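Notes to accompany the following structure.
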Amino acid sequence: MIADPAPAASALPMLIQGGMGVGVSGWRLARAVSGTGQLGVVSGVALDVVLARRLQRGDPGGHLRRALDAFPFPEVAERIWERYHVPGGIAPGRPYRPVPKLGLRPHRGRTELAVVANFAEVFLAKEGHDGPVGVNYLEKIQLATPAAVYGAMLAGVDYVLMGAGIPSQIPALLDALAAHWPAEITVTVTGADSEQRHSTGVDPATLYGPSRPHPLERPRLLAIVSSDVLAAYLARRPETRPDGFVVEGPTAGGHSAPPRGRLRLDEAGEPLYGPRDRADTAKIAALGLPFWLAGGYAGPRGLAHALAAGATGIQVGTAFALCRESGLTEDLRRRLLSGATGDTLTVRNDPGASPAGFPFKVVDLPGTAAGADVYAARPRLCDLGHLRTPYLKADGAVGYRCPAEPVDTYLRKGGLESDTINRRCLCNGLFGAIGLGQSRADGYAEPPLLTLGQDLGFLHDLPPDYTAADVVGRLLGAHRGERAAP
């Protein structure tokens, strides 16, 4: 049931497709990559909202109905269908029905939606091939993790990738959920002392009823790290040791680790990284676990460099984000691809954009939420709340705040005004990028927010309008079919 911590080299993919954004790495993209024998990855971020909104769009193609029909606990799936599905889809401009926000208090509807949504995305990604499928989560979004992971495991996910934090609790979570045991993780609550423990979890028995199902296959855990120090910390004890690492450099898309030490900015306002921020691959290799290098390794030369450093292979995101199977809207995908290949696209590593507190890559594209003029016109609110931070209130209860919510609201909750400056609502903006942005009752429509990696050179080596298979073929080249030693 528990994955081998040092799997045979022949069992490992050389190429990992990055789990990007909200729905950019959707099931279509992951299935296309997995069909080549490499590791296709779905983004596990906010899949509860993704499923609810797709159902409210009428489930074009009937794919979600097919996935829900395969869910092992039919009554649960049917409740989700009845609650959110709109035959024919909601009218253009009509607001989507909200879903329950993440929180510490148990909520049956929220748990069921998260489990079913993650099951559906992984189930669809695994259809029609026997290649491996992974799911990517953010450690920062702890409140979503247990239910989301259980749903993915019910669909037979092969790998769980976890970044944006220290996933030290995930190995034990996977062990428990593989046996359908109740499982929980400790949640960080700002202001709570070491004696106060807050947790969130999932009890599978509330879903499957009186008869315990057969044990599940435990997926391998790949911890996304930026330093050999963190890799060594996780690997030193069996209870925190992952099954491998993705070692991500600062040019990778989405969130990145901040520079070590005092934050310094260059002339463009981006964080300055130095030698201390480069992971020592020799030290990571010495841990005896497989690892993949990410951030600036796209291309045969990058792959060769990674293999020479002892890596099993590489993780690539941007090239897949702009392929035909990407979850981006077609208009945005083509605009991004045109700008990237025409060398007119700018991707900034913005130290203050994300409410999560990590530097975040923002694409400067006219008409999107990256522009100060566009974002200034946006009513400041936080109505999805996946990046809210739990904090301890004066009365001892737990509250939730987000630096992208209205400033006066954030200050009333004890937040610092400096934390609110230039913050972007990633939740709403990333949904806009995949065509599922919210329309407000007053007619306001959420603008998209886009993220890519900063290394765009590999895109020049691809056909004008390429597929995921084109990316895999170009990346692997003469290495096709080989596997690196762990």
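Quick note: the coordinates plus some simple rules give every number you see, no bench work behind them. Note that this is a predicted model, so its numbers are computed, not measured. Here the Cβ is made from the backbone with ideal geometry for all residues, glycine too, and neighbour counts use every protein chain on show.
Once fully extended, how much extra length lies between Arg301 and Asn422, figured as 0.36 nm per residue of separation less the alpha-carbon to alpha-carbon distance?
39.8 nm
For Rg and Dmax of the Cα atoms in Å, which listed value, [x] 28.5, 111; [y] 21.2, 63; [z] 24.5, 90, comes from the coordinates shown?
Correct label is [y].
Just the number, please: percent antiparallel of the DSSP beta bridges in the chain, rounded to the nearest 5.
35 percent
Assign unit charges at the C-beta atoms only (+1 for Lys and Arg, -1 for Asp and Glu), then state the dipole size of the range 398-445 relative to its Cα centre in Debye, rounded to the nearest 20.
Value, rounded to 20: 100 debye.
Quick one, could you list the DSSP H helices from the chain stretching 18 Å or more along their long axis (Cα atoms) with average Kyte-Doolittle hydropathy of -0.5 or above?
108-126
Counting DSSP beta bridges in the range 235-338, what percent are antiparallel, to the nearest 5?
Beta bridges within the range 235-338, antiparallel portion: roughly 10 percent.
Quick check on the chain: helices-only [θ] at 222 nm, where DSSP H runs of length 4 and up contribute -39,500 (n - 2.57) each and the sum goes over total residues. Nearest 500, please.
-8000 deg cm²/dmol
Placing +1 at every Lys and Arg Cβ and -1 at every Asp and Glu Cβ, with all other atoms neutral, what dipole size does the chain have around its Cα centre, in debye to the nearest 20?
440 debye
Within the chain, which cysteines find no other Cys whose Cβ is under 4.7 angstrom from their own?
Flagged as lacking a Cys partner: Cys323, Cys425, Cys427.
Asp395 to Glu184: FRET efficiency via 1/(1 + (r/R0)^6), r the Cβ-Cβ distance, R0 25 Å, to the nearest 0.05?
Here the calculated transfer efficiency is 0.55.
Ranked highest first by the average count of other Cβ atoms within 10 Å around their residues, in what order do 370-381, 138-149 fall?
Going from most to least packed, we get 138-149, 370-381.
Taking the Cα atoms of the range 366-449, what is the range of coordinates along each of the three principal axes, in descending order and whole Å?
Taking max minus min along each principal axis of the Cα atoms, the range 366-449 gives 43, 23, 21 Å.
State whether the range 403-483 is rounded, prolate or oblate according to the following rule on the C-alpha gyration tensor (a ≥ b ≥ c being the square roots of its eigenvalues): a/c under 1.5 gives rounded; otherwise a/b larger than b/c gives prolate, and the remaining case gives oblate.
prolate
So how many Lys-Lys pairs in the chain land under 30 Å Cα to Cα, not counting same-chain pairs under 8 apart?
14
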